[in-house]
Structure formats: structure tokens, C-alpha cells
Amino acid sequence: MYACKIENIKHDVLTLTQNEGDFQVVNIDGLYPPQAQINRSNVAGMDGSKFNSSKLNERAIVITLKICGDVEKNRIKLYSYFNVKQWCKFYYQNETRNVYIEGWTETHNVPQFTNNELAQITILCPNPYFKAIDEIIDDASKIIQKFEFPFAFGEKGATNIGVSSTATDDAIVFSEIDTTRVTNVINDSESQTGLIINVDFLKAVNKLLIKNTGTGDEFILDRTKYGGFVENDRVIIDTNKGSKSVTLIRDANEINIFPSLKKGSVFFQLDIGDNYFSYLADDGESDAGVAITFKHYTIYGGV
């Protein structure tokens, strides 16, 4: 059993399955992994060839629909969802995967002078990977929560009115900072993928270093000569290929802060499996002044 739907540039959504009165899905081609491009070269004296690199080609999804019911009305309706040259988002769900992919409608052919009108639509997807619907979020905060309400202090705690507020021998700790804490971001995808890093500043900070402790790669932002980051600033770091960016949001304004990026910084790619990250704010002095989350999607070559 499967289900699919399409979202147009206006973010209107049309369900294509379980909608037999208007449309019947005859076939969907291109759900399997697209063809790979293997780059290689011949070497004198060596049998075969030498592998240089490989990449996955763009994906083409071809949907064949039978138009039912009020054929004229439903054919026009399809045009507004599969509008040639415009962006669309294709959703697909089966028993094991619930995914989507973004693309642009390349062709929309509907022969009209026939008893059974069939629409054949091609969606070209430059990014060939399907993305899981659910976003995965990992909190990289070094602040460890120690307890939840309700609670009561002991004989030397603050609930005893006869005890000085400085007495903390048996007071309960709300939280503590673990300066060595490392965050494990698990990538269950079928390939490497980028991620989006959100950094919220809770106090003034000049320099932020985020490190992949497994590979040694570092991403360093230094705003010292620009006045630093201030309380309530937010930085969004997008490491996805084709959309890499570093954006500061301050007072509802978006500012490109690529000039604050230290030379040699790496836009992280998540390897399949475990990826370990840590960070330092002002060389560790202001770690409690930032809250960091890592967001990514599980991606698939096919469904």
C-alpha cells in the first residue's frame, strides 16, 4: 500500500492516491536510485581503469495519471499543481518509508482527443535524495539538567527559614556544566548529508568554535572586530551542499556573516553512523552563554 501527494509553489497540496473519483495513479517511475556517474581514467600499463570519483545523477520522477470524473475540470486542476518550470514537492509513503523530494515540473503532457485522458508528468529533481518527513534534532548544550519539580531542601537548605541563604551543604543542584561533553549526531541515511546548526546566544560572546571531534574538522566564527555576538542573537549555519550559508538574525534582520568565518573552517558533512561534536565559546569561558542544536534529515537513494 502506498500514498502520494503533490505540493505546489503556493503550498497547496493535492492527494493523488485514494482519490479515485478524480485521479487514478497508473504508474510512478523514478522511485528507485538514479544512475550514478563513475569518473575514471586509463593508466598506461594497468589493466582496466583507475577510479577517480563518483556522483549520483539528478532524479527524474515520471507520474502517469488517469483523469476521471469531470475530466475537463480535473485536467485544469492538475495544471495548477504540476505547472511547468515551477517548483513542487512530491510526497511518497509506503509501509517502510515516509519521504518527500523537491523538484521542478519539466513536462506535463495530456493528450485530449482520446476517450481515456492520461496525464504524463515529469518532475526533475536536482538533489536526487528523498528526505524523511521527520526532522532529527540533537541538543548540544553542555548544561546538564539535574532534577525536576516538585522538590524539597533538607535541614540546611533554603526551605528552612532558620538557615542562612548561603548554607548549601545539602542543597539540590539545579544544573551543572560539563565542559567535556560531546554530542553524538547519528546519521541513519544511505549517504553523507549536511545539517543545519542553530546557535542562540544567551549572553555576549565574541568567538565560537564548533568541532567534529571524530575528524578534527572545525568551524570557527570570530566576531571580535565586529562587536561580537550579543544576547538574543541567533546564527543559522547551513552546511548542505548547494545551500551553504552563515546567517546572523538580530532584531528580525538577517545578516550574512561569511566575513566572520575563520579561514580553514569546514562546512560539516555527517558521515553514515556516529558523528561527534563539541564546542567552545570564547575558548570555553562562555560555554553556558550559547545554546546549540543540530538539525538534519535522514536521506534515501530510493524508496
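Just a few scattered comments:
- Residues that are in contact (Cβ under 8 Å) with a residue 24 or more places away in the chain and among the hydroxyl-bearing types (Ser, Thr, Tyr), drawn from segment 17-60: Tyr32
- Matching residues in segment 123-139 - criterion: being part of a strand (DSSP E or B) and open to solvent by less than 30 Å² (accessible area, probe 1.4 Å): Ile123, Cys125, Phe130, Ala132
- Close pairs from segment 206-219: first within 14 Å of Leu195 (Cβ to Cβ) and modelled with pLDDT of 95 or more, partner open to solvent by less than 60 Å² (accessible area, probe 1.4 Å) and part of a loop (DSSP other than H, G, I, E, B), Cβ under 6 Å, at least 6 apart: Asn212/Phe268; Asp217/Val266; Phe219/Ser265
- Taking residues in segment 281-294 that are touching a residue at least 12 places away in the same chain (Cβ under 8 Å), and partners anywhere that are of a type in the set (Lys, Arg) and open to solvent by 30 Å² or more (accessible area, probe 1.4 Å), the pairs with Cβ atoms closer than 6 Å and at least 6 places apart or on different chains are Asp282/Lys207; Gly289/Lys203.
- Residue match in segment 142-155 (condition: within 22 Å of Phe268 (Cβ to Cβ) and either touching a Lys or Arg at 6+ places or on another chain (Cβ under 9 Å) or at pLDDT 95 or above (or both)): yes
- Residues that are in contact with a Ser or Thr (Cβ under 8 Å, 6 or more places away or on another chain) and surrounded by fewer than 16 Cβ atoms within 10 Å (Cβ to Cβ) within segment 272-281 comprise Ile272, Tyr276, listed in sequence order.
- Filter pass, Val25 being open to solvent by less than 70 Å² (accessible area, probe 1.4 Å), among the aliphatic types (A, V, I, L, M), closer than 30 Å to Ser189 by Cα and modelled with pLDDT of 95 or more: yes
- Restricting attention to segment 58-78, the residues that are surrounded by 14 or more Cβ atoms within 10 Å (Cβ to Cβ) and out of contact with any helix residue (DSSP H, G or I) (no Cβ under 6 Å at 6 or more places or on another chain) add up to 14.
- Out of Ile186, Ile299, one residue alone is modelled with pLDDT of 95 or more, open to solvent by 40 Å² or more (accessible area, probe 1.4 Å), closer than 28 Å to Gln35 by Cα and among the aliphatic types (A, V, I, L, M). It is Ile186.
- Scope segment 225-240; condition exposed (fewer than 12 other Cβ atoms within 10 Å of the Cβ) and touching a residue at least 12 places away in the same chain (Cβ under 8 Å); matching residues: Glu231
The values are calculated or read from the model by the stated rules, or taken from the named source; none is laboratory data. Being a predicted model, the structure only gives us computed values, none of them experimental. Glycine gets a Cβ as well: all are built from the backbone with ideal geometry, and neighbour counts include every protein chain shown. Just the protein is used for accessible areas: all its heavy atoms, side chains included, with ligands, DNA and RNA removed. Shrake-Rupley method; radii C 1.70, N 1.55, O 1.52, S 1.80 Å.
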